[in-house]
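Read through the structure below, which is laid out as structure tokens, and then see the notes.
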Amino acid sequence: MGKKKSVALIVLVTVVLLGLLFISITPTFPVKTPYSLQSLLNTVRLGADLGGGYGAVYYPEGVISAEEYAGEVARYESGEGSDPAEQYVAHGGVYLDSEKVLDENGEVLESFKTEFETASRIFKQRFEDKNFTECSVWVEDDYTIRVEVSDVSQKETVSNVFSVLAYSGELYFSDTDTSTNSKNVLMTGGSEHISGADVVDMGDSGYGIAVHLTKAGRAKFAEITGDLVSSSSSDSSGSTSATLYLYMGTEVLMSAGVDSALDQNVIYIGGSSSSGSVAYPTRESAQTIACVINSALNEEDVFNLSLQPQVYSYGATMGDYAALIAASVIGVLVLAMIVFSLVRYKGMGLAHVYGFLTFALIFILCLAFITQITVNVAGLLAIVLSAAMMVGFNFYAFRNIRSEFYTGKTLTSAIKSGYKKSLAVTIDTHIILLIASIVLYFISLGSAQYMALIFLIGTVISAACTLAVTRFYLYMFLAQPKNKIAFCNFKREETEDE
């Protein structure tokens, strides 16, 4: 490689690495209102142990918290309302309404138990189908449901997710909007008429839901849309249209304008909101609705309990500064490794530093942009192991180069022989670890699965940077110094490389 080409490459690579380093680890900084940029590390999804998360406690109608009961007591003592002790009965950490939940013997109504059991089962299904990176759903005090998730997409509001996933009641199509209490049911939305729902991209309009109809559902839907249009009045342009709503209980899930009978297997419907939008703005919000629809297609999965969530956030289970401490420790280790490699190997160490920065930056990009990745404590271990593997095999190659050089070979020949000598062990080890991480990914769940995915990515990046990238950087730097042997921290009387 010529010196001019080497200089150009060194400048280009340095600028690119510094630019990527800047956007990867620089704290959030303003650019132009209303825009702002944040580092890629800030966008990496953290598990509950490092980043905390959000949770909600769902109280069915007729069940109140101890705090709410205390509020009722305070109102009674101030002369407002009736004595809550006459209406509510303590049950664990909650209070049960004797009029709505208990029978005349003070026992919980069997109908309430059945409804609650169905609700708790469907809740778990909905949150699992939503594909939160970490999610726990469990029953507390027998008759409340607690949900905790490690993260909620920035494209959805936390309160909206927890509220929509709590919708209850049957699915049905109606031509009546939400302002009317009495709904005109045109078609039920159970498995008889709907086989499933998924998210569809509606272009500039955002996202919508593709509702797949059964054979009976297609015929019924063609009938109701035809009747709906024929009974609607024409607008000023002479065209006839009406609005069709898909409800779950009393909540509107979707709405669509209808101007003709629709005889098709799949219908595409956008969202309905107070802002008048015709489609969901994000894929995540549309996916939430699809999860709710799919969970209520079978009659035995329908529950009618009204569940009100009390939403909260919680800190990292490992401590509020766990992620910062972990990042600081890793930063110190990286700095120590850089100093050691430069002192021990000089020019080869410089090539290693550039190779390691390339490895680290590609890794950060993967962590930031691959949505299936969540970094928890196990994930941090996978990151450290991947980095140690990349460093170790680079130093292994450098040691072989040094050994080959001291047998009397020229520097160029020693580099080729050293890398060739390292090739088999490097490739074999990476292949074995790659296969192991793939197997672990498919047989594990939760934290172990995240660790396996991170280690799989780290192994691939390590192999590329060890076998090709660092070696390329070494040849790039070797084109510059006159005394290449001293540049690599080797000592021999010969100063000319053949």
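Per this entry, A448 is counted among residues that are closer than 30 Å to D49 by Cα, out of contact with any strand residue (DSSP E or B) (no Cβ under 6 Å at 6 or more places or on another chain) and in contact (Cβ under 8 Å) with a residue 12 or more places away in the chain. Report the residue count in segment 151-163 for those that are open to solvent by 10 Å² or more (accessible area, probe 1.4 Å) and in contact (Cβ under 8 Å) with a residue 12 or more places away in the chain. Selection size over segment 151-163: 9. Only a single criterion out of (1) at pLDDT below 80; (2) more than 29 Å from T371 (Cα to Cα); (3) not aromatic (F, W, Y) is not satisfied by L262, namely (1). Taken together, the criteria exclude G315 from residues that are under 28 Å from the mean Cα position of the chain (by Cα), surrounded by fewer than 21 Cβ atoms within 10 Å (Cβ to Cβ) and on the phi > 0 side of the Ramachandran plot. At pLDDT 80 or above, over 23 Å from A286 (Cβ atoms) and of a type in the set (A, V, I, L, M, F, W, C): does that describe V185? Considered against the rule, which asks whether it is at pLDDT 80 or above, over 23 Å from A286 (Cβ atoms) and of a type in the set (A, V, I, L, M, F, W, C), V185 comes out as yes. Looking only at segment 325-357, filter to residues that are of a type outside the set (A, V, I, L, M, F, W, C) and open to solvent by less than 30 Å² (accessible area, probe 1.4 Å); which one of those is nearest to L17 (Cα to Cα)? So the residue we want is G355. Does M451 satisfy the condition of being in a helix (DSSP H, G or I), open to solvent by less than 10 Å² (accessible area, probe 1.4 Å) and either closer than 18 Å to S341 by Cβ or not charged (D, E, K, R) (or both)? So M451 does not fit the description; no. Scanning segment 195-228 for residues that are over 22 Å from the mean Cα position of the chain (by Cα) and assigned to a strand (DSSP E or B) returns S195, G196, A210, V211, H212, L213. Residues in segment 204-231 that are among the small types (G, A, S) and without any contact (Cβ under 8 Å) to a residue 60 or more places away in the chain were compared, and the one that is farthest from L244 (Cα to Cα) is A216.
Suppose we keep only residues that are in a loop (DSSP other than H, G, I, E, B) and hydroxyl-bearing (S, T, Y) within segment 288-308. Which one would you say is least open to solvent (accessible area, probe 1.4 Å)? Looking at the filtered set, the residue picked out is S295.
When we screen F393, F398 for residues that are touching a His at 6+ places or on another chain (Cβ under 9 Å), of a type outside the set (S, T, N, Q), open to solvent by less than 10 Å² (accessible area, probe 1.4 Å) and assigned by TED's automatic domain parsing to the domain that holds I362, the only hit is F398. Does A360 fit the bill of being farther than 30 Å from K130 by Cβ and either buried (at least 18 other Cβ atoms within 10 Å of the Cβ) or out of contact with any strand residue (DSSP E or B) (no Cβ under 9 Å at 6 or more places or on another chain) (or both)? Yes. There is at least one residue in segment 368-377 that is in contact with an Asp or Glu (Cβ under 9 Å, 6 or more places away or on another chain), assigned to a helix (DSSP H, G or I), modelled with pLDDT under 95 and open to solvent by 20 Å² or more (accessible area, probe 1.4 Å). Considered as a group, the residues in segment 461-486 that are assigned to a helix (DSSP H, G or I) and surrounded by fewer than 16 Cβ atoms within 10 Å (Cβ to Cβ) include one that is farthest from the chain's Cα centre (by Cα), and that residue is A486.
In segment 434-443 there is no residue that is crowded, with 20+ Cβ neighbours inside 10 Å, out of contact with any strand residue (DSSP E or B) (no Cβ under 9 Å at 6 or more places or on another chain) and touching a residue at least 24 places away in the same chain (Cβ under 8 Å). Hey, any hits in segment 131-139 for a residue that's of a type outside the set (S, T, Y), surrounded by fewer than 17 Cβ atoms within 10 Å (Cβ to Cβ), modelled with pLDDT of 90 or more and assigned to a strand (DSSP E or B)? Looking through segment 131-139, at least one residue is of a type outside the set (S, T, Y), surrounded by fewer than 17 Cβ atoms within 10 Å (Cβ to Cβ), modelled with pLDDT of 90 or more and assigned to a strand (DSSP E or B).
Among the residues examined, A336 does not qualify as small (G, A, S), under 28 Å from V200 (Cβ atoms) and modelled with pLDDT of 90 or more.
Out of all the residues in segment 401-412, which are outside any helix (DSSP H, G or I) and open to solvent by 40 Å² or more (accessible area, probe 1.4 Å)? Selection gives Y406, T407, G408, K409.
The values are calculated or read from the model by the stated rules, or taken from the named source; none is laboratory data. Everything quoted here is computed from the prediction, not taken from an experiment. For neighbour counting, all protein chains shown are included, and Cβ atoms are generated from backbone atoms with ideal geometry for every residue, glycine included. The protein model used for the area step is the full one, side chains on, heavy atoms only, and it has no ligands, DNA or RNA in it. Shrake-Rupley method; radii C 1.70, N 1.55, O 1.52, S 1.80 Å.
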